[in-house]
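To keep things clear, I will list the structure first and then write my remarks on it.
Nothing in this text is a laboratory measurement; each read-out follows from the coordinates by a stated rule. What you see is a predicted model, and the numbers here were worked out from it, not measured in a lab. When we count neighbours, we look across all protein chains shown, and the Cβ atoms used for this are built from the backbone with ideal geometry, even at glycine.
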Amino acid sequence: MMDSLRALEDWAEPLLRQLSQAEQRKLARTVARELRRSQAGRIGQQRNPDGSLYEPRLDRRRLRERMFPRLRTASRLRMLVDPEGAAVGFTGRTARIARVHQLGLRDQVQPGGPTHLYARRELLGFTPADVELVRDLLLRHLTARG
């Protein structure tokens, strides 16, 4: 996947240099918004970026509940746009929780409570469809520009 991202970056860089800073910001905002939708949809489907399903919870009573229903909301899955580009991710306490699941770390179940080794569930990551999405958004922006 990293090769695809590097190839996209190498391909897009000369095209982006042709845009004004205002156009770059507008495009970055569009890309961030669409990537946030894509990431939220994938989290809702309970899938890792490679397409595999998240490892289910161990608590059998809660197996039918979807994991991370609030993490995928726009108020928690944030986008940041600046002159350097765009980013989609989590902040604050939400970022800590997401990091534990993203990397499969050990954390306390409750403050002051026992610890648990959480399964790795990749909340954020690029899929091949995301790479195509970014490429298509850039091409659409450039062709609309004339």
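Quick notes on this one:
- When the chain is treated as a Gaussian network with alpha carbon springs shorter than 10 Å, the biggest mean-square fluctuation among Arg106, Arg78, Arg25 belongs to Arg106.
- Working note: Cα atoms of the chain, range along each principal axis, descending, whole Å: 58, 28, 23.
- P(r) tail, segment 3-47: Cα-Cα pairs separated by more than 15 Å, 60% of all pairs.
- Once C-alpha pairs closer than 8 Å and six or more residues apart are averaged by separation and normalised to the residue number of the chain, the relative contact order reads 28 percent.
- Count Lys and Arg as plus one, Asp and Glu as minus one, and take only other residues whose Cβ is under 10 Å from that of Val134; the net charge is then -4.
- Packing, as the average of other Cβ atoms within 10 Å across residues, places the peptides 48-55, 119-126, 33-40 in the order 33-40, 119-126, 48-55, highest first.
- By average C-beta atoms within 10 angstrom, highest first, the peptides 16-24, 133-141: 133-141, 16-24
- Calculated FRET efficiency for the pair Arg6/Arg47, C-beta based, R₀ 30 Å, to 0.05: 0.80
- For the chain, with +1 on Lys and Arg beta carbons and -1 on Asp and Glu, the positive-most of Met2, Ala22, Ala87 along the dipole: Ala87
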